[in-house]
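Data block below; observations after.
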Amino acid sequence: MINYKVGNLLDVESGIIVHGCNMQGKFGSGLALQIKHKWPECYKAYKQQLPLKKLGETIWYPVNEHLWVVNALTQEFYGRDSLRCYLSYLALKDCFDYIINYAVRTDQNIHLPDMIGCGLAGGNRDTVVKTMKFLVNKNNFMNELTIWSMI
C-alpha cells in the first residue's frame, strides 16, 4: 500500500528510509545533505562502500536496530542543468526492486521523499510513482510504502 504524508522524513523512527544518490561521492544538497548532517556515519559508509558498487545498487546504513537509511545509487552524475535528467530509471527500478524485496522478507515499512529522483536529478514524478506501484505489486508488498512531502 502506498501512503502519502506531510512531515519530516528524517523524523521516522523505524523502517527503511530511502534516498537517491549519485556515483560521484557527493551528498552536497537536498535530502542527501540533510542526512549527512543528521547521520554523518551514513555518509562515511556511503563514501567507503561506493568504490565497490555499481549504479542500481544500494548502500545500507543501520541508524539503530529499528531504522535503516538506504543510499540508492540512482544517478551516475549530478548537477544543476534543468534540461538534463541525471536519474537512471533502470537504476531506480533495480534499487527499489531489491529494497522492496528485502522489506517483504523482513516485514518492514519503507519511507521515501515525494520527489525522489525528480528534484535536482530531473526525473519525471509520474514515471517514478508508476515504477513504485509496479514494484509494490510485483513483489506483493503488503506493508506501507510512505511517500513524504517535506514541510
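Shape annotation for region 1-89: C-alpha extents along the principal axes are 35, 30, 25 Å, from largest to smallest. Only bridges with both residues in region 1-110 count here: give the DSSP antiparallel percent, nearest 5. About 45 percent, rounded to the nearest 5. Taking every C-alpha pair closer than 8 Å and separated by at least 6 residues, the mean separation divided by the residue count of region 18-146 gives a relative contact order of 24 percent. Across region 110-123, coupling constants 3J(HN,Hα) worked out from phi with the 6.51/-1.76/1.60 Karplus curve, θ = phi - 60°, read 10, 10, 8, x, 4, 9, 4, x, 10, x, 4, 6, x, x Hz, and Gly and Pro carry x. Here's the picture: charge each Lys and Arg Cβ at +1 and each Asp and Glu Cβ at -1 in region 1-147, and of 67, 16, 40 the one pushed furthest to the positive end of that dipole is 40. Here the convex hull built on the C-alpha positions of the chain has a volume of 101 cubic angstrom per residue. Each residue, residue 81 and residue 1, gets one label point 7 Å from its Cα in the Cβ direction; the gap between the two is 4.3 nm. Available extension along the chain between residue 101 and residue 133 is 10.2 nm, counting 0.36 nm per residue and deducting the alpha carbon span. Solvent-accessible surface of the chain, averaged per residue with a 1.4 angstrom probe and all protein chains in place: 52 square angstrom.
Tell me, what % of the accessible area of the chain is carbon and sulfur with a 1.4 angstrom probe? About 52 percent, which is the carbon plus sulfur part of the accessible surface.
The values are calculated or read from the model by the stated rules, or taken from the named source; none is laboratory data. In this text, all values refer to a predicted model and were calculated from it rather than measured experimentally. Because the Cβ atoms are built from the backbone with ideal geometry, glycine has one as well, and the counts that use them run over all protein chains shown. The area values use the complete protein model at the heavy-atom level, side chains included, leaving out ligands, DNA and RNA. Shrake-Rupley method; radii C 1.70, N 1.55, O 1.52, S 1.80 Å.
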